[in-house]
Amino acid sequence: MSDNIPLQSSFLYESNWSHEIGSLILGTMIRLKCATGCEGTVFSSHFIFEAKSAIEYQLGYSFEWFELVDRLHFLEKRYKTFSEPVRLEGTYWDAPTNTIIVSANLASNTRAKPPTRCLL
């Protein structure tokens, strides 16, 4: 195993995006979903504009609404890319090393069969 595993943040934050902005977007979405009883991954446009205003007010950055929607889709894709393998029996995330561990039995079974789906 390589000791040069990049930090997860290297895949998440480029350009104008930061951990603080991502946390504020997600926190706003979660707060509004809980307050309105909204379920699923489709958000009201009001949620997006509320997040946009919060970013401008609290962090001083300005984004267009479609940039926030794109960012939410990006974060959802990254979340699924990480969480789907961890759901498999015999796999787990080792936080101290920031790696996903796959049991030897699962790894040998997986190599014998072609993957049914490719995760990006």
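For segment 49-69, taking the residues that are hydrophobic (A, V, I, L, M, F, W, C) and under 12 Å from LEU24 (Cα atoms), the one that is surrounded by the fewest Cβ atoms within 10 Å (Cβ to Cβ) is identified as LEU59. Screening GLY37, GLY60 for residues that are small (Gly, Ala, Ser) and at pLDDT below 90 leaves exactly one candidate, GLY37. Scanning segment 70-93 for residues that are of a type in the set (A, V, I, L, M), more than 10 Å from ILE25 (Cβ to Cβ) and either in contact (Cβ under 8 Å) with a residue 24 or more places away in the chain or out of contact with any Phe, Trp or Tyr (no Cβ under 7 Å at 6 or more places or on another chain) (or both) yields a single hit, LEU88.
Of everything listed in (1) modelled with pLDDT of 90 or more; (2) within 15 Å of ILE21 (Cα to Cα); (3) exposed (fewer than 12 other Cβ atoms within 10 Å of the Cβ), the single unmet condition for HIS46 is (2). All of LEU32, LEU68, LEU75 fail the test of being in contact with a His (Cβ under 9 Å, 6 or more places away or on another chain), in a helix (DSSP H, G or I) and at pLDDT 75 or above, apart from LEU32. Among the residues making up segment 78-105, those that are of a type in the set (Val, Ile, Thr) and part of a helix (DSSP H, G or I) are THR81, VAL86.
The values are calculated or read from the model by the stated rules, or taken from the named source; none is laboratory data. Bear in mind that the values here come from a model prediction, so they are computed numbers and not experimental data. Every residue, glycine as well, gets a Cβ built from its backbone with ideal geometry; the counts of neighbours run over all protein chains shown.
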